[in-house]
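In what follows, a single structure is set out as structure tokens and then discussed.
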Amino acid sequence: MDIFLLITGFLLVIAGVIGCILPAIPGPPLSYIGLLLLHFTSRVDLTTFTLIYMAVLVIIVTILDYLVPIWGTKLSGGSKWGMRGSAIGLILGLFFGVIGVFLFPFIGALTGELLYQYNINKNNNFSISFRAAVGSFFGLMLGVVFKLAVCCFIVFIYIKETIINFF
């Protein structure tokens, strides 16, 4: 049973790293489940602190992955229209794979800001709208970096514990 848990856990940890880039795969939660499977083997006993700490990190980074693009839009001078456009773009981008997840929040923020500038401010200031869209894109990239950092940390723990306890 240990070998089954070890192999399944390793596949989940690797799928989690891949899921940091691919939108259809929830990266950090998968990696955490792989770490839990390692814990359930008879040879590895991760501390409760490690399991709780990693669970908290996974929850935080998963929530931030949805919020950071919206905050990026706001910090770069975007309006609520741009933030909503970024959020809508992120949701729509999930249906179009990796390119959609990276491109649609940018397009959504740009569209929302252009609509705001044209309808509310009664001008068509493209530079403000473009800056908000760039902020959204960088926010999205920051979310990916956070997810990768947590997943790589889980991979490190997994490999370290496997080598120490199985070899």
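Quick grid of which residues meet (1) at pLDDT below 95; (2) surrounded by 14 or more Cβ atoms within 10 Å (Cβ to Cβ):
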site	(1), (2)
15	no, yes
36	no, yes
42	yes, no
58	no, yes
65	yes, yes
72	yes, yes
Could you please give the count of residues in the stretch 42-99 that are over 18 Å from the mean Cα position of the chain (by Cα), farther than 27 Å from residue 112 by Cβ and of a type outside the set (Ser, Thr, Tyr)? 7
Counted residues in the stretch 102-119 being touching a residue at least 24 places away in the same chain (Cβ under 8 Å) and over 11 Å from residue 137 (Cβ atoms) come to 5
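Hey, among 165, 121, 125, which residue is at pLDDT 85 or above and on the phi < 0 side of the Ramachandran plot?
From the options 165, 121, 125, the qualifying one is 165.
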Residue 102 vs (1) surrounded by fewer than 19 Cβ atoms within 10 Å (Cβ to Cβ); (2) within 19 Å of residue 20 (Cα to Cα); (3) over 15 Å from the mean Cα position of the chain (by Cα); (4) of a type outside the set (A, V, I, L, M): all pass except (3)
Taking only pairs six or more apart or across chains, which ones have beta-carbon atoms under 6 Å, a first residue in the stretch 23-48 that is closer than 16 Å to residue 150 by Cβ, and a second residue that is crowded, with 21+ Cβ neighbours inside 10 Å and of a type in the set (Lys, Arg)? 27/147; 28/147
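The values are calculated or read from the model by the stated rules, or taken from the named source; none is laboratory data. As the structure is a prediction and not an experimental result, all values here were calculated from the model. Here the Cβ is made from the backbone with ideal geometry for all residues, glycine too, and neighbour counts use every protein chain on show.
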